[in-house]
2 protein chains.
Amino acid sequence: MAETLNGLKRTIMCGDVTETSIDKKITVMGWVQRKRNLGGLIFVDLRDKEGILQIVFGEEINKGAFEKADTLRSEYCIAVTGMVVKRESPNETMKTGMVELKGEELKILSESETPPIYIKDDLDASENIRLKYRYLDLRRLDMQKIFKVRHKTAKAIRDYLDENLFLEVETPILNKSTPEGARDYLVPSRNYPGMFYALPQSPQLFKQLLMVSGFDKYFQIAKCFRDEDLRANRQPEFTQVDMEMSFVEEDDVIALSEGLIKKIFKDILDYDVQVPIKRMTYKEAMEKYGSDKPDLRFGMEIQDISNIAARTEFGVFKGALENGGSVRAIRVPGAASMGRKDIDRLGEFVKTYKAKGLAWITIKDEGIKSPIAKFMSEDVMNEIITKMEAEKGDAIFIVADKNKTVFAALGALRLELARKLEILKDNKEFNFVWITEFPLLAYDEEEQRYTAEHHPFTMPMDEDIQYLESDPGRVRAKAYDIVLNGEELGGGSIRIHDTKLQERMFKVLGFTQEKAWERFGFLMEAFKFGPPPHGGLAFGFDRMIMFLCNTDNIKDVIAFPKNQNAYCPMSEAPNVVDDKQLEELSIKTVKKDKESSEE
Amino acid sequence: MAETLNGLKRTIMCGDVTETSIDKKITVMGWVQRKRNLGGLIFVDLRDKEGILQIVFGEEINKGAFEKADTLRSEYCIAVTGMVVKRESPNETMKTGMVELKGEELKILSESETPPIYIKDDLDASENIRLKYRYLDLRRLDMQKIFKVRHKTAKAIRDYLDENLFLEVETPILNKSTPEGARDYLVPSRNYPGMFYALPQSPQLFKQLLMVSGFDKYFQIAKCFRDEDLRANRQPEFTQVDMEMSFVEEDDVIALSEGLIKKIFKDILDYDVQVPIKRMTYKEAMEKYGSDKPDLRFGMEIQDISNIAARTEFGVFKGALENGGSVRAIRVPGAASMGRKDIDRLGEFVKTYKAKGLAWITIKDEGIKSPIAKFMSEDVMNEIITKMEAEKGDAIFIVADKNKTVFAALGALRLELARKLEILKDNKEFNFVWITEFPLLAYDEEEQRYTAEHHPFTMPMDEDIQYLESDPGRVRAKAYDIVLNGEELGGGSIRIHDTKLQERMFKVLGFTQEKAWERFGFLMEAFKFGPPPHGGLAFGFDRMIMFLCNTDNIKDVIAFPKNQNAYCPMSEAPNVVDDKQLEELSIKTVKKDKESSEE
């Protein structure tokens, strides 16, 4: 029997009722978390987004309310009016635990069937059930907290950028498909049969056009779309904090971004980020950490031992060096005690990064052990150990290969060992670093051409422009990524704002002039009319919220996420649509066997 | 010859340089609005988004800069450093008109071809050219101002709703197609061949689910999409301020909305909106103004003269009354002087609203004129004039028909005459009114069934629920629209939060239970688990900005709008995509003649 509010107003949120409310008459509204009958009384835990309040119904408090309370079940939505009193047996673990509400009036606003998942924070229901009943999963106070953080973070970003004279400008969702990069989501056009819009992978071109438009400082908390196979922590639609500024250089964008990061971590977590944030070149990051997003919360840096390795008789080392590669190693404190099987598993692990094998040295009480000891003199072995500053109890892991492979393998091994040895357990640090001087281009072995490391609009470093055609791999970019605890939080660059340089860039990327103009002509056309120097940056907003909420599941920070197949178990999107809809769009669906589905 | 910034920093915006800057050395950056050579000096008007500053280059100020300045042309992007001095011949119409900048250093940051449109505010280029070169059109200071207002309005909305404990939550763009309402934009799914996502027409279902989730107060400045034929002031994608609250009734939503409106008009225009805003029932609005979005800035209300008309011998009047219709009229001050031809044109005008004709009475110095005078006694004629309170110089226009036709015709005529007679010329008023007690359902003659007037989730008024099946047309809704100067600025309702009532509603709308569950099952499923009473409202954000910027063209308030065919002349979206893309999506395009385009 659902009742209507009929003028009844909530006076306070459940979670806000504390001792200051004692002897006051209040009205709260929310959901029944649990109900217990105890000593002739009925105790109800009432939940709203601010917390949980204990309500007591009794025959002597109000007989009608008491009898109605007896019909309550979990997740009924109710309104209760009564006096707040001091609780006889306080619960100090709860904010509202010192008080309780005497239930004098009770309205059942709506009833509930038995919910298919429990509304509690240590939920272990399967992800699919949680997504199907997302509206119940979201009732958990842990989830409510995440979306408060998400809201507050967006607010902090907007306040900061507004103060810094940025304008938020909405760019179109219905765009042109420019298939450089990830796969586009397409939208058939009804007015132009055979043509399609594409959902934006980022507002990149539009933000640059806004700079050409004289907007000076732009930002947007923007929805972006990529039709990719969903790895963990990818969603088909995601949100980025997109910024662009005119008349700036790298340091300006970096300083502005640091102010923003500082404000967010202060406002949300009361955590002081030290600025300026340290910077590291791409080259140093690769050489020391084997990654362009190094986790600097721990050491175990990669060291080059090629010079020493050259003096061994080990064929693998010699081969790598002769082929222009190197021999590098990491020292892992306390890893000497690892069992042989575990070490063998590490050997398998580095093979997934294309390394041919993993050499190792352990320094135990009983002496040095190593399968490669036989290939070198004791002196050379000691030289390696000295170079690596290894002590008793440590292990040294060595990879010899092409540099690219050595970095990939040792970089991954470093993280894997940190995880295995729980080096970061209880670490609450936020370790930021800017990675700078990225290569402008990366050679794509498959396509046998250079592709843009960031995107084709990134400005080369002034001193490297001369090598654009003669030695493209050598050219560094005015690009910068902000890395937090080994994850990329954002990235950006100074852009090319010169049609001629942009055309050279497209040429190096293997685009014919025709193809380049077909795809990006409107940007190059715009650059004919006095484009300002400009640059910007985009933060991954979902990733940022994951950090702030200490979750490693992107689905936790998106209100209605899709599953790994880009499917929504709740709304059942995507679905089959009416034939009439497809007809109007001049498309038909094709069965797997390439037959039209319409015949 | 483009130069780089190379560490040069802007110190102030052009538009901000006033007498307080005199004798200071500044650096400004922007675009050459115009250049004049005069008396051996070169004068450059430099423009950035804040305004225009006069710069003077001379051989005696700096010879190098002077010579370089001579090469400048319109829309070159430059940086200038120098001292600010008092201008000899001030221009009092400009904010910066009392000063000028002595150009001591000049950098040409980029050159410009002759722009295809002038960058000036009284631009009369064709819309298509303006859209193709949107980035140039946006450089106009008038356009820059609009996007500042748009940004500030969004900021004001977010600040207000944040203070009122609303959380901004992003809802998905990739949704399920629910073809009640306008036409959906579809997105083919790659993972599920033959299936489609749909872009949201509004976040309606998701905001209701957020209430079921316990979010309590939600808002979003949300992108919405409708694949409709574009009338003036429609765009395929548009923005709405979407809000929803739990545990509220109509008055709560209205009060919250009024506070928001008041803040926006105060912050942006320093205009005081009087609250509470007046309210009018749908019935009264239709009877007095022939419209559910009445423009109350002027009178000319519709009056019912059926009683008097019944006493004439005029067949049209008698016929209308016998068929259950009515005879109604408006009095138009000063319209007696309209020529016969103009009045005949009004007769044609009302026919477009299905009225069979227009009767009229003019009260001139020389007496009363009317083609229907012959059908009535002088007494009856005088009674009409008295009832209409018509005076010398006025005209009375009368329509007799079914009520619906009478309201539509006279409502439109009232607006048409106000426009023709320029009644609202120079009127700067913002006249708000809430329209309440809308009919829940409207009978669709074509589909021969009732359709939802707002949407199928709107709560009927308590006292009318009993008629839901027996007399659906009689049922009024807990729905409210906010109307400003005759335009709908927003609308909302209290929602049904009861599965059983929602099912009754779908039944009345002619949905089988199966069809209703197929489309909206996830909402009805959610309603099984203690949904709270809830309601909300959505404002048209683009429309709001149009009011605040005093423009009647929606394209002015959207950074990158589409044209009337949903086409973007700048980016050339939509376009043809690669066959490979379509193959991956398991669709093919169909030629007009229904042949596949692939063979």
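In segment A:208-283, the C-alpha radius of gyration followed by the widest Cα-Cα span (Dmax) gives 15.8, 39 angstrom. A Förster radius of 41 Å combined with the Cβ-Cβ distance from B:LYS364 to B:ASP444 puts the calculated FRET efficiency at roughly 0.35. For A:LYS95, the label point sits 7 Å beyond Cα toward Cβ; its separations from the matching points on the remaining copies run 4.3 nm, from shortest to longest. In terms of overall dimensions, segment B:14-110 has a Cα radius of gyration and Dmax of 11.8, 32 angstrom. Here the contact order of segment A:14-110, divided by its residue count and restricted to Cα pairs under 8 Å and six or more residues apart, works out to 34 percent. Between copies, A:ASP365 shows label-point distances of 12.5 nm, shortest first, with the point placed 7 angstrom from Cα along Cα to C-beta.
Rounded to whole numbers, the Karplus 3J(HN,Hα) couplings from phi for segment A:233-249 are 6, 10, 10, x, 10, 9, 10, 10, 8, 10, 9, 8, 9, 9, 6, 10, 10 Hz, using 6.51 cos²θ - 1.76 cosθ + 1.60 with θ = phi - 60°, and x at Gly and Pro. Per residue, the average separation of C-alpha pairs within less than 8 Å and at least 6 apart gives chain B a relative contact order of 13 percent.
Just from its helices, what would the mean residue ellipticity at 222 nm be for chain B, if runs of 4 or more DSSP H residues each count -39500 (n - 2.57) and the sum is divided by every residue, rounded to the nearest 500 deg cm²/dmol? Could you put the intermediate results ahead of the total?
Details: 16 runs with 168 residues, N = 599.
Calculated mean residue ellipticity at 222 nm is -8500 deg cm²/dmol.
Axis angle, to the nearest 10 degrees, between helix B:403-420 and the longest C-alpha principal axis of chain B: 30 degrees.
Dividing the Cα radius of gyration of segment A:374-499 by 2.2 N^0.38 Å, with N the residue count, gives 1.43. Counting heavy atoms of the protein chains alone, B:LYS86 has an accessible area of about 120 Å² for a 1.4 Å probe.
Given a 1.4 Å probe, how much area per residue of the protein assembly as shown is accessible, in Å²?
Working: 50990 Å² over 1198 residues.
So the protein assembly as shown comes to 43 Å² accessible per residue, rounded to a whole number.
Annotation: A:ASP251 carries an accessible surface of approximately 90 Å², with a 1.4 Å probe and no ligand, DNA or RNA atoms counted. Based on Cα contacts under 8 Å between residues 6+ apart, segment B:298-420 shows a relative contact order of 37 percent.
Of the residues A:ILE108, A:GLY536, A:LEU8, the one whose Cα sits farthest toward the positive end of the charge dipole of chain A, with +1 on the Cβ of Lys and Arg and -1 on the Cβ of Asp and Glu, is A:ILE108. Counting only lysines at least 8 places from B:LYS364 when in the same chain, those with an alpha carbon closer than 22 Å to its own are B:LYS341, B:LYS374, B:LYS387, B:LYS392, B:LYS420. To the nearest ten degrees, helix B:378-387 and the longest principal axis of the Cα atoms of chain B are 50 degrees apart. Greater than 30 Å separation of Cα atoms is the criterion. Which listed pairs, A:LYS148/B:LYS555; B:LYS369/B:LYS402; B:LYS207/B:LYS278, meet it? Table pairs above 30 Å Cα-Cα are A:LYS148/B:LYS555. Label-point spacing at B:SER126 relative to the other copies reads 6.1 nm, in ascending order, each point sitting 7 Å out from Cα along Cα→Cβ. Reported to the nearest whole Å, the Cα centre-to-centre distance from segment B:164-185 to segment A:500-540 is 34. Taking θ = phi - 60°, what integer Hz values does the Karplus form 6.51 cos²θ - 1.76 cosθ + 1.60 yield along segment B:530-536, in sequence order, with x for Gly and Pro? For segment B:530-536, the Karplus-derived couplings read x, x, x, x, 7, x, x Hz, x marking Gly and Pro. Within the P(r) computed for segment A:298-420, what percentage of the Cα pairs occupies the region above 18 Å? Every Cα pair in segment A:298-420 considered, those over 18 Å come to 46 percent.
Is there a simple number for the mean count of other chain Cβ atoms within 10 Å of the Cβ of residues in B:560-568, and what is it?
Working: counts 12, 1, 4, 0, 1, 4, 6, 5, 6.
That works out to 4 on average.
Just how many % of Cα pairs in segment B:122-208 lie over 14 Å apart, if you round to the nearest whole percent?
On the way: 2886 of 3741 pairs.
That fraction is 77 percent.
Restricting the calculation to Cα atoms, segment A:161-207 yields a radius of gyration followed by a Dmax of 14.0, 46 Å. Set against the 2.2 N^0.38 Å expectation for a compact globular protein, the protein assembly as shown has a Cα radius of gyration ratio of 1.09. What fraction of the Cα pairs in segment B:491-599, stated in percent, has a spacing above 19 angstrom? Of all Cα-Cα distances in segment B:491-599, 72 percent exceed 19 Å. Simple rule: put +1 on each Lys or Arg Cβ and -1 on each Asp or Glu Cβ in segment A:298-420, find the dipole, and look at A:ALA335, A:ILE384, A:THR312; the Cα lying farthest toward the positive end is A:ALA335. Taking the longest Cα principal axis of chain B as reference, the axis of helix B:340-351 is set at about 80 degrees. In a simple Cβ point-charge model (Lys, Arg +1; Asp, Glu -1; nothing else charged), the protein assembly as shown has a dipole of about 40 debye relative to its Cα centre.
In vacuum, with every alpha carbon of chain A counted as one equal point scatterer, what does the Debye formula give for log10 I(q)/I(0) at q = 0.09 Å⁻¹? Two decimals, please. So the normalised log intensities are -0.94.
Take every residue in peptide A:223-233, count the Cβ atoms of other chains within 10 Å of its Cβ, and give the average of those counts. Could you put the intermediate results ahead of the total?
Numbers: counts 5, 1, 3, 0, 9, 1, 2, 1, 0, 0, 0.
Averaged over the peptide's residues, the number is 2.
Over the Cα atoms of segment A:454-497, the radius of gyration divided by the Kirkwood radius equals 1.06; this is the Rg/Rh ratio.
The values are calculated or read from the model by the stated rules, or taken from the named source; none is laboratory data. Fair warning: this is a prediction, and the values are worked out from it, not measured in the lab. Cβ coordinates were reconstructed from backbone atoms using ideal geometry, including for glycine residues, and neighbour counts include every protein chain displayed. Only protein heavy atoms, including side chains, enter the accessible area calculation; ligands, DNA and RNA are left aside. Shrake-Rupley method; radii C 1.70, N 1.55, O 1.52, S 1.80 Å.
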